[in-house]
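Student: Here you go, one structure.
The values are calculated or read from the model by the stated rules, or taken from the named source; none is laboratory data. Source: prediction; values computed, not measured. Please note: Cβ atoms are built from the backbone with ideal geometry, for glycine as well, and neighbour counts cover all protein chains shown. These accessible areas exclude ligands, DNA and RNA; they are computed on the full protein's heavy atoms, side chains included. Shrake-Rupley method; radii C 1.70, N 1.55, O 1.52, S 1.80 Å.
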Amino acid sequence: MKFFNQLLFLSLFSTVLFANDYNYNLKPEKIAENTYVFIGKKEFFNVKNGGDISNSAFIVTQDGVIVIDTGSSSKYGEQMLKSIRTITSKPIVTVINTHHHPDHFLGNSAFKDSEILATKYTKKDIVDNGDLYIGNLFNLTYKWMQDTKLKAPTKELDELKDKYINLGKHKLKVIYLEGHTSSDIALYDEYTKTLFASDLIFYNRVAATPHANIENWIKALEDLRKVDFKVLVPGHGPISTGRESIDQMKRYLIYLDKTLKDSAEQGLSVYEILQLPKPVEFANLAMIEDEFERSVINLYPKYENALMK
Ligand SMILES: [Zn+2]
């Protein structure tokens, strides 16, 4: 009897195992004329979400498709392409990587014949560290990363003379900013008034700051606030139609900066900072415990060093 129980367990186990066919279930959500997004989960990389934690987008123009960010694995890129094909058969002309974080470019390899654009800084980081990112994500998401090959950007955005990507009726202004990383680009489609804010905006989900410069980031948010948009697509979290996502992001960065500054002045340890009560507004945001802790560990030494100067 015991043997049969084991057999039953094994068969159930393999059903569960093989039921996971590494399908991200990407559903394009229409947010403006010709404009679609795939909204990622408000989570950190894990074996369940396979790294589907950031937003990507595409615009269907009469002259072809523009793709903005390609997700965190080749599987994501391939499934994204499949999903785009349910909407249009037009060629994917341009792919844009908004910055060098791996959840935004590791799907590039699915877009074989497309021009892939990124800034000079982003392209270099992807070339230098892309394989390292693949290794890291393999440790976090395991088989979702299988067969993921690095495909670096093919062209530097800095070469664009007029700072616009034009395709069909869509005129995308490239806004060069920094703060989340040393090179972040936002894209503003003047035709639909859609602002693709990249990871400069995390909405209803606490920001990741491994390469952040908070001062520059706050300046970038002030620039984004001036854009006359109807819809804002953040790098993580839901879309917004007003400036609430920008304002939430700014309030969080100010809170993080002030907490670290005050803590350094009081000589608190990392452990003591993590015990401090959090304002209700942020205590309820997704990923608050994990991201706040990561930020404190990453950024606090800079604040302590600044005091010693
Ligand atoms: Zn990022």
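Student: Checking VAL67 against (1) surrounded by fewer than 23 Cβ atoms within 10 Å (Cβ to Cβ); (2) at pLDDT 95 or above; (3) not in a loop (DSSP other than H, G, I, E, B), which single condition isn't satisfied?
Tutor: Of the numbered conditions (1) surrounded by fewer than 23 Cβ atoms within 10 Å (Cβ to Cβ); (2) at pLDDT 95 or above; (3) not in a loop (DSSP other than H, G, I, E, B), the odd one out for VAL67 is (1).
Student: Hey, another quick one. Test of understanding: among TYR203, TYR164, which residue is open to solvent by 10 Å² or more (accessible area, probe 1.4 Å), of a type in the set (Ser, Thr, Tyr) and in contact (Cβ under 8 Å) with a residue 12 or more places away in the chain?
Tutor: TYR203
Student: Given the conditions (1) touching a helix residue (DSSP H, G or I) at 6+ places or on another chain (Cβ under 8 Å); (2) within 16 Å of the ligand (Cβ to nearest atom); (3) open to solvent by 30 Å² or more (accessible area, probe 1.4 Å), report the number of the one that PRO102 does not fulfil.
Tutor: With respect to (1) touching a helix residue (DSSP H, G or I) at 6+ places or on another chain (Cβ under 8 Å); (2) within 16 Å of the ligand (Cβ to nearest atom); (3) open to solvent by 30 Å² or more (accessible area, probe 1.4 Å), PRO102 is out only on (3).
Student: Would you pick out the residues in the stretch 134-160 that are open to solvent by less than 80 Å² (accessible area, probe 1.4 Å), within 23 Å of VAL67 (Cα to Cα) and basic (Lys, Arg)?
Tutor: Once the filter is applied, which keeps residues that are open to solvent by less than 80 Å² (accessible area, probe 1.4 Å), within 23 Å of VAL67 (Cα to Cα) and basic (Lys, Arg), the stretch 134-160 yields LYS151, LYS155.
Student: Looking only at the stretch 177-222, which residues are farther than 23 Å from LEU299 by Cβ and away from the ligand (no atom under 16 Å from the Cβ)?
Tutor: Within the stretch 177-222, TYR188, ASP189, GLU190, TYR191, THR192, LYS193, THR194, LEU195 meet the criteria.
Student: Of the residues that make up the stretch 257-280, is at least one crowded, with 16+ Cβ neighbours inside 10 Å and under 13 Å from PHE202 (Cβ atoms)?
Tutor: no
Residue-wise test of (1) farther than 18 Å from SER54 by Cβ; (2) not in a loop (DSSP other than H, G, I, E, B).
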| site | (1), (2) |
| --- | --- |
| THR192 | yes, no |
| LEU232 | no, yes |
| MET249 | no, yes |
| ASP262 | yes, yes |
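Student: If you go through the stretch 180-194, how many residues are open to solvent by less than 10 Å² (accessible area, probe 1.4 Å) and touching a helix residue (DSSP H, G or I) at 6+ places or on another chain (Cβ under 9 Å)?
Tutor: 5
Student: SER83 versus (1) more than 27 Å from LYS169 (Cβ to Cβ); (2) among the polar types (S, T, N, Q); (3) not in a loop (DSSP other than H, G, I, E, B): which is the lone unmet condition?
Tutor: (1)
Student: What pairs can you find where one residue is in the stretch 278-297 and in contact (Cβ under 8 Å) with a residue 24 or more places away in the chain, the other is open to solvent by 80 Å² or more (accessible area, probe 1.4 Å) and not in a helix (DSSP H, G or I), and their Cβ atoms are less than 8 Å apart, with a gap of 6+ or different chains?
Tutor: ALA286/LYS42; MET287/LYS42
Student: Which residues, counting only those in the stretch 117-133, are touching a residue at least 24 places away in the same chain (Cβ under 8 Å), open to solvent by 20 Å² or more (accessible area, probe 1.4 Å) and within 16 Å of the ligand (Cβ to nearest atom)?
Tutor: Passing the criteria: TYR121, LYS123, ASP125, ASN129, TYR133.
Student: Considering SER114, SER109, SER89, which residue is open to solvent by less than 20 Å² (accessible area, probe 1.4 Å) and of a type in the set (Ser, Thr, Tyr)?
Tutor: Unique residue meeting the criteria: SER114.
Student: Every residue in the stretch 256-277 that is touching a residue at least 40 places away in the same chain (Cβ under 8 Å) and more than 23 Å from LYS41 (Cβ to Cβ), please.
Tutor: ASP257, LEU260, LYS261, SER263, ALA264, GLU265
Student: Take the conditions in contact with a strand residue (DSSP E or B) (Cβ under 8 Å, 6 or more places away or on another chain), under 22 Å from ILE53 (Cβ atoms) and open to solvent by 10 Å² or more (accessible area, probe 1.4 Å) and apply them to ALA197. Does it pass?
Tutor: No: the conditions fail for ALA197.
Student: Something else: In the stretch 281-309, which residues are open to solvent by 90 Å² or more (accessible area, probe 1.4 Å) and of a type in the set (S, T, N, Q)?
Tutor: If the condition is that a residue be open to solvent by 90 Å² or more (accessible area, probe 1.4 Å) and of a type in the set (S, T, N, Q), then ASN284 is the only one that fits.
Student: Follow-up. Give the residues of the stretch 26-62 that are open to solvent by less than 10 Å² (accessible area, probe 1.4 Å), in a loop (DSSP other than H, G, I, E, B) and over 19 Å from SER240 (Cβ atoms), sorted by residue number.
Tutor: ASN49, GLY50, GLY51, ASP52
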